[in-house]
């Protein structure tokens with residue numbers, strides 16, 4: 001009888017089974033002669049026993065793969081084939097097939113993918129009927145697939161269908177379908193990697209990127225980002241497109257420092273300008289991380305990473321690790337998000353004012369308006385807790401309108417009671433600028449006119465994050481406002497977005513240096529050198545400098561002697577509610593009128609008795625209400 005042309009070679013052995021040990025030796029010798037790898041796997045513990053040939057097929061020695069456990073298999077097998085392999089194992093465990101058999105790709109030591117045929121069978125079961133020990137063979141079949149055209153074409157077609165089902169069409173990354181299969185297999189105890197930490201990556205302000213570049217430009221940015229993240233993550237970590245502008249990295253790393261290093265490398269790699277046609281956008285990402293812990297399923301690791309991402313996104317361009325306290329914080333954030341929609345109508349917002357001190361002239365002329373929320377359950381909330389929520393659902397737009405109107409109203413009142421030169425700074429949200437740029441300009445100018453205040457009394461602050469979308473349009477908006485006399489500041493300089501080039505492009509009057517730049521001013525010479533250089537460049541552009549977060553006498557003294565124009569921080573004054581701010585204002589002006597120096601470093605030194613304020617100021621305020 002003739003064999004078919006495409007028949008594959010088979011072998012067999014027949015011998016006396018009266019000596020089991022001899023039979024095992026003969027069988028092993030036979031397998032060795034056939035150049036077949038062997039394996040034994042404890043399904044319950046992950047223990048894996050392999051022979052030298054098993055390792056040699058992939059170009060390794062046994063020593064290279066020590067310690068040997070199921071992680072070795074999941075590390076070597078192609079991510080797509082691992083999904084199929086796990087499904088084949090599940091089918092065998094459930095009795096659908098008597099044997100487990102599959103062709104998969106494994107990564108050779110030289111970096112190439114080779115095909116192997118994996119066969120096996122469960123030989124021992126637990127008393128509960130769960131698979132315990134499984135035995136099998138591992139054979140290099142690359143030459144057979146290459147030599148048999150029909151098999152190769154069939155395999156190619158199968159690969160194409162599998163690739164399309166498990167990969168994102170835009171980025172080429174693994175998709176949610178592949179992730180769901182991995183998650184299902186993890187729950188069922190199949191050999192998804194036993195150590196999997198998750199990094200969930202969100203593109204900051206991607207909606208603004210889409211608005212600037214259009215959807216085609218946004219897609220190109222996502223495609224380039226995917227390549228950058230894949231390159232940073234390395235070939236042995238799995239990268240998924242998790243949602244529209246979110247990516248997921250699953251890594252075998254479990255040490256916090258190592259995972260943090262990976263996250264920082266991803267942030268550094270994407271923190272550049274992406275170009276589409278003739279437009280540039282600056283990209284940053286926020287990353288939430290959950291380290292694998294005993295008892296965590298893959299689903300739980302990803303859920304926890306999402307909670308950490310929620311925290312990271314509140315400040316943007318940040319990395320946050322999951323902590324158990326975040327579960328409660330997430331619940332609180334969800335309550336705040338729901339209550340935020342009615343807070344404005346209920347009158348729960350109020351303005352606090354933080355004085356800004358002119359340290360070169362030893363006088364006070366300026367303050368910043370800061371929003372506070374009197375929440376009925378949680379009490380007085382600082383903006384860091386609710387502004388990110390408001391930006392996410394665009395409630396920041398009507399809130400910004402309210403702050404502008406309320407500030408101009410207060411300036412008009414204070415002008416009538418003897419403070420015509422007082423200037424107040426208002427923060428403009430990046431989101432409000434993105435969606436209502438020209439309407440916002442109209443609102444600002446109309447509100448100034450309605451309240452009959454001097455335009456120079458209103459100082460608008462834009463954060464560096466607002467420059468991420470389109471610096472040219474922001475510059476045009478600022479030019480129109482400046483043309484009408486409104487002063488403009490660039491806030492939080494030094495935290496990531498703005499460059500000296502953007503300072504030259506933007507028509508700003510003041511640069512505010514972020515508090516993080518002076519945190520170690522007293523102890524680090526390098527930090528003092530950086531601040532000194534910033535002062536030189538900013539003053540060289542004929543701009544003024546405000547340093548935020550000044551809290552100590554040492555910081556104040558150094559800034560005084562190195563050319564700083566203004567300071568803001570607790571060393572001068574904390575943010576004050578309206579009445580306390582008026583007390584402060586009256587005290588400062590009274591001291592100045594008397595020729596006395598303002599006492600820096602003591603809030604009490606700038607206050608006067610309530611009796612003086614009540615007799616001299618309150619009647620005039622009541623008459624103007």
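What follows draws every value from the coordinates through simple rules; no lab data is involved. These numbers were taken from a predicted model, which means no experiment stands behind them. Here Cβ is always computed from backbone atoms with ideal geometry, including for glycine, and neighbour counts include all displayed protein chains.
Things to note:
- Remark: the range 342-578 is approximated by an ellipsoid whose semi-axes, taken from the C-alpha gyration tensor as √(5λ), come to 27, 21, 19 Å, largest first.
- Spin-label model, residue 94 to residue 279: label points 7 Å out along the Cα-to-beta-carbon direction sit 4.8 nm apart.
- Size descriptor, Kirkwood hydrodynamic radius, that averages inverse alpha-carbon separations across the range 246-291, Å: 12.2
- With the largest listed first and rounded to whole Å, the semi-axes of the equivalent ellipsoid of the range 190-323 from the Cα gyration tensor are 27, 14, 13.
- Whole-number percent relative contact order across the range 342-578, with pairs defined as alpha carbons under 8 Å at least 6 apart: 20
- Per-peptide average of other Cβ atoms within 10 Å, ordering 529-538, 165-174 highest first: 165-174, 529-538
- Projecting label points 7 angstrom from Cα along Cα→Cβ for residue 112 and residue 342 puts them 6.9 nm apart.
- By average C-beta atoms within 10 angstrom, highest first, the peptides 269-276, 519-526: 269-276, 519-526
- Peptides 72-79, 436-443, 319-326 ordered by average Cβ neighbours within 10 Å, highest first: 72-79, 319-326, 436-443
- Point-to-point label distance, residue 570-residue 231, nm (Cα→Cβ direction, 7 Å offset): 4.4
- Cα gyration tensor category, rounded, prolate or oblate, for the range 253-336 with a/c compared to 1.5: oblate
- Each listed q (0.22 Å⁻¹) maps to a log10 I(q)/I(0) for the range 303-382, found by the Debye formula over equal Cα scatterers with no solvent: -1.02.
- Net length gained if the chain between residue 450 and residue 332 were fully extended (0.36 nm per residue, minus Cα distance): 38.6 nm
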